[in-house]
1. Using a 1.4 Å probe on the protein heavy atoms only, what accessible surface does D:Phe139 show? Give it in Å² to the nearest 10.
2. Apply the Karplus parameterisation 6.51 cos²θ - 1.76 cosθ + 1.60, with θ equal to phi minus 60°, to every residue of segment B:158-172 and state each ³J(HN,Hα) to the nearest whole Hz, in sequence, with x for glycine and proline.
3. For chain B, what does -39500 (n - 2.57) per DSSP helix run (n ≥ 4), summed and divided by total residues, give at 222 nm, in deg cm²/dmol to the nearest 500?
4. Give the interface area between chains A and C as buried accessible surface, both sides summed, probe 1.4 Å, in Å² to the nearest 100.
5. State, as an integer percentage, the relative contact order of segment C:124-226 based on alpha-carbon contacts under 8 Å between residues 6 or more apart.
6. Taking the label point 7 Å from Cα in the Cβ direction, how far apart in nm is D:Tyr52 from each other copy of itself, listed shortest first?
7. Using 1/(1 + (r/R0)^6) with R0 = 30 angstrom and r between the beta carbons of C:Arg116 and C:Ser235, what's the FRET efficiency to the nearest 0.05?
8. Exceeding 25 Å between C-alpha atoms, which entries from my cross-link table qualify? They are B:Lys239/D:Lys164; C:Lys44/C:Lys152; A:Lys17/A:Lys172; A:Lys235/C:Lys147; A:Lys103/A:Lys239; B:Lys109/B:Lys202.
Amino acid sequence: MINQLMMTIIDKKTIAKDTIEMRLAGGAIVRTIEPGQFVHINVGNQGSHMLRRPISIADINESDESITIIFKVIGSGTEDLQSYQIGQELDVLLPCGSGYPIKEINVKKALLVGGGIGVPPLYYLGKKLKENGVEVESVIGFQTKSSVFYEQQFAELGACHVVTDDGSYGWKGYVTDVIDQLDFDYYFSCGPTGMLRAVSNKLENHKGFISIEQRMGCGIGACYACVVPTNDDEKNGFKKICKDGPVFRANEVVI
Amino acid sequence: MINQLMMTIIDKKTIAKDTIEMRLAGGAIVRTIEPGQFVHINVGNQGSHMLRRPISIADINESDESITIIFKVIGSGTEDLQSYQIGQELDVLLPCGSGYPIKEINVKKALLVGGGIGVPPLYYLGKKLKENGVEVESVIGFQTKSSVFYEQQFAELGACHVVTDDGSYGWKGYVTDVIDQLDFDYYFSCGPTGMLRAVSNKLENHKGFISIEQRMGCGIGACYACVVPTNDDEKNGFKKICKDGPVFRANEVVI
Amino acid sequence: MSLQVNLPGLSLKNPIMPASGCFGFGREYGDLYDLNQLGAIIIKAATREARYGNQTPRVAETPAGMLNAIGLQNPGVDAIIDQELPYLMNYDLPVIANIAGSTVEEYIDVTKAFTRTNAVHALELNISCPNVKEGGVQFGTDPELAKEVTYKVKEVSHVPVYVKLSPNVSNIGAMARAVEDAGADGLSMINTLTGMQIHLPSKRPLLANQTGGLSGPAIKPIAIRMIYEVKQQVSIPIIGMGGIMTAEDVLEFLLAGASAVAVGTANFHHPFVCPEIIDALPDVLQKYGFTSVEDAIGKGHDHDLSRT
Amino acid sequence: MSLQVNLPGLSLKNPIMPASGCFGFGREYGDLYDLNQLGAIIIKAATREARYGNQTPRVAETPAGMLNAIGLQNPGVDAIIDQELPYLMNYDLPVIANIAGSTVEEYIDVTKAFTRTNAVHALELNISCPNVKEGGVQFGTDPELAKEVTYKVKEVSHVPVYVKLSPNVSNIGAMARAVEDAGADGLSMINTLTGMQIHLPSKRPLLANQTGGLSGPAIKPIAIRMIYEVKQQVSIPIIGMGGIMTAEDVLEFLLAGASAVAVGTANFHHPFVCPEIIDALPDVLQKYGFTSVEDAIGKGHDHDLSRT
Ligand SMILES: Cc1cc2nc3c(=O)[nH]c(=O)nc-3n(C[C@H](O)[C@H](O)[C@H](O)COP(=O)(O)OP(=O)(O)OC[C@H]3O[C@@H](n4cnc5c(N)ncnc54)[C@H](O)[C@@H]3O)c2cc1C
Ligand SMILES: Cc1cc2nc3c(=O)[nH]c(=O)nc-3n(C[C@H](O)[C@H](O)[C@H](O)COP(=O)(O)OP(=O)(O)OC[C@H]3O[C@@H](n4cnc5c(N)ncnc54)[C@H](O)[C@@H]3O)c2cc1C
Ligand SMILES: Cc1cc2nc3c(=O)[nH]c(=O)nc-3n(C[C@H](O)[C@H](O)[C@H](O)COP(=O)(O)O)c2cc1C
Ligand SMILES: Cc1cc2nc3c(=O)[nH]c(=O)nc-3n(C[C@H](O)[C@H](O)[C@H](O)COP(=O)(O)O)c2cc1C
Ligand code: FES
Ligand code: FES
């Protein structure tokens, strides 16, 4: 069940260039969150933004019932979000969407493939997988050295390979240059559409899940802003990213 | 010369029901301000209000080069203004308009007549008059006891009579019930249009000045939003309240 | 304080309903709160066949508003009747079905399909969707075409018909009179204004459809003006919409001449906005001296002559 | 980075000018900064005789916008020429005179009066002011009338004529083509959209004139859409306006097809907005890969066919 909460910001840090990590105190509901789900945030102090902003849940802290989000400042909404201070409250819808169905699959060795602001949801996923005894290896890609974040956190889950477009840190190139040299039975990927397309092409013989982005209206499945065509034969077949997704089986939808 | 300044809020107090007194640090320019002038404030944190809000300058503190404003929270703009905290900055145009021409008149005994949020500009006027050796008496009217403010401050300038509509404090009735019993050579009045009309009718045989309000666009004389017809024979004669006013000779304009 | 309003075909416990296209067929918001609180529901546009709609991106944010170009995505009228309406029959909630089409025949066929069910209490004829390119726009801007489609739909409809007007016209009064003449039982106004946003990095229109419909508080002054103008020219009731966010906004629409209102974009900003407005409405009415919703309808017109 | 733009009659050092009615005749803003920084100035509407305009209140604030109903207050064209233009001649600044009227004859007379001076470099024909009741609206919504007044003004004008279009029409392209056919040298778009706000305490329209023109960021998506649409249908240049607040907004207008822009409402919000936009523009152009203003004009159209 989706809830609307006023969540207090209990921590806020800049963890890379234009990249903010925030912890929001929630309440019991945070225990129901699955990896891959997102929050839909009203970023305007004074209703200055009509549309909420979808941000992935990067981690859950059950002890103080808080969630962690990590976002990059790219426009007016994330700029406003950045201006909130510790102690202030944010109007948040959560949990939104359907996460990675890790309870329904039999996975022994998982590959996480993240790009840029697609990296955050994979962290909570990796943590959960590891808790469940799954071996976790990750490849996380960024534009450049100053954008890299969470390498240490991923390294604690298992082997972690960092890739930068310009080679200023880790491997030079794209995540796709690395992933086919690795061994795994399921992959989990989140990042820009171009990356997801490349990853799912490269790994077309593997089972996997991808998490995709689209501009959203309601964020709960009512407005049909965020549809994506399905890959089956059904005429007019489609899924709503905000409700049926953002996580889909690779090749379930046309990206 | 009108300036645009980022002014820091150095003090903020609730001095009556929904009535806030704020002190804003300015700089040397505050020394050029004349009684009756106003500031034009951008009240939106994020450009949420297209139009600035005109607020009278209630006092000047030359020692720390600050101004005092007193405003009543009556709508969305003054609500936002109220939400600013000490230490924050406000985008202010100042000084706007033409004040009371006290240097150009020969006044011995002044009567100040203020109603509600028309009271503030009279305080700085009274202070300046007293500095110039003028005897000052004031009649200030409010709706009810909880709305009364600055009685003490006006009492320090000379006799001060407080009137409330409901008689819950001071005299019961309107300022016009009191003013014709008093002795003075010039009156200075500011308040709602209805009050100004009543005052200038009642005192039509006296010399005086009134300060009037109108919804404003630019606040500097460029948009013609705030015109008021003049009382002379000139066809289409008018004044701009934001530039030629807000202070006018009684009977100079049609109210 | 009575919030009750009676309109052709609709006995409303309060004047607040979600606007078409902004509330799906009710399920998602029904998961958040009890839909019985609403005055009515206007469901998403139905066409004869299923439509996929436009490519994405389909929405963009604008100052105090948004653009949408969903493109009438819907499963087709038969699927709506079979799969969506039964859910709404669980509620004590008048249902207004929004119908769209590319041809007069399509409007007639969709209307006929809805006569199969008694789960629909009124139709809202969407002659104004700016996102349908095959001619939808024409119906909304040409009084003669609007008249024709209204007349033909009225002939086959078993429930009252509200015609939803487009604001993208030179003369809204002429449109309103035309559909009143053709037998419309009421008007819905306004639909979205056609707008565009250009995405600077890609140097092209942000919406895949290029243009989209502008909604939200940005358009409220236009909605109020058009309702005020139309109220003076027709005698059928008006369901008002365009930028409503608060109970104060609702009162502004009532004063302008709306008998009930629909809330669209605000649902995305704040999913509980409809029940919150309903809760707040009695106090707002009372604050401004009204004893009921009906008492406020059209009251913004009484002073026309007294003003200098 | 070259900001230079050449338009009929106007050699602009940059494409930024204050919009008519939002900058008076320049004096007040000239007290705040050096007007020579501007690309040009469009002065307040001139009519044949002095007009007092509407009663107050004349402005209202709306979400991300404002309504105005000034009502063409001005001292009349002769007084403008004698008392206002000499001030502007102190500057190296192309002057565009906005002219309005209730009849075709009044437009002609005002135009003829401006031929007395060489201080005006172009005319902007305001056929769209929604606040003039005597027929002004008609010129702006009827292509035939628009054609006639444009043609007649062109006959007597000694400088290029830009026609300012009203957005309150069903078909902006038809209006644009009509005035182009009649010989207009350029277009200005958009003027304000007709709106209304009802003041709840008094239960009546807040503006004394009841309706007013909606301007500001709220209308930007409509302006962009109309300019984009018109750009594809005419070959004369467009001066774009409607909600511009930043240099990014300017680039959006250039991409949509404007060759220069005017800034209106934003001046009230921030009196130094014009010079600040001019300062910021080179960096914004560069950020998005343009080497000059002219390089960006109409570039939002290049992708039309490449999009699926
Ligand atoms: C399911 C999901 C999860 C996401 N998780 C994260 C995350 O964990 N961290 C993070 O930094 N970003 C994440 N994003 C992207 C994030 O939503 C955008 O960066 C953000 O909305 C940009 O807002 P803005 O106002 O700063 O940008 P602007 O470009 O000014 O936004 C304008 C409009 O476009 C929308 N928009 C712009 N970019 C995107 C985008 N990439 N995806 C969806 N909508 C967009 C905005 O929401 C807004 O409605 C996620 C997106 C989705 C759909
Ligand atoms: C020269 C001048 C001096 C003033 N001095 C003071 C003062 O010292 N203290 C004080 O409390 N108030 C003063 N006012 C009134 C003050 O400007 C309004 O109370 C304020 O603008 C209301 O803004 P709002 O957004 O809260 O109200 P809203 O009603 O939400 O405002 C909507 C719009 O109407 C305008 N408006 C509403 N009421 C007035 C009004 N009475 N006068 C002018 N514009 C109005 C607002 O500026 C805004 O543009 C003064 C007004 C003028 C013209
Ligand atoms: C995402 C979205 C989808 C819409 N779909 C429809 C529709 O299918 N049929 C229709 O008549 N109006 C549709 N509209 C218009 C709304 O019903 C409403 O008339 C308009 O948005 C103005 O109200 P608002 O400002 O409260 O949103 C849609 C609006 C939005 C924002
Ligand atoms: C207070 C005000 C007065 C205006 N007066 C005129 C005018 O006299 N002539 C005219 O053609 N347009 C007039 N306009 C319209 C503007 O020139 C401009 O077209 C419109 O406001 C849109 O631009 P903006 O959103 O930047 O304000 C006026 C606008 C405002 C806000
Ligand atoms: S954002 Fe509304 S359906 Fe997905
Ligand atoms: S507010 Fe613009 S002229 Fe006075």
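The values are calculated or read from the model by the stated rules, or taken from the named source; none is laboratory data. Not measured: the values here are computed from a predicted model. Here Cβ is always computed from backbone atoms with ideal geometry, including for glycine, and neighbour counts include all displayed protein chains. Heavy atoms of the whole protein, side chains included, go into the accessibility calculation; ligands, DNA and RNA do not. Shrake-Rupley method; radii C 1.70, N 1.55, O 1.52, S 1.80 Å.
1. 10 Å²
2. Per-residue couplings from phi come out as x, 4, 10, 10, 9, 10, 10, 4, 9, x, 6, 7, x, 6, 8 Hz.
3. Mean residue ellipticity at 222 nm (helix-derived): -4000 deg cm²/dmol.
4. 2700 Å²
5. Once normalised by length, the contact order is 26 percent.
6. Counterpart label points of D:Tyr52 in the remaining copies fall at 6.4 nm.
7. 0.40
8. Check vs 25 Å cut-off fails for B:Lys239/D:Lys164; A:Lys235/C:Lys147.
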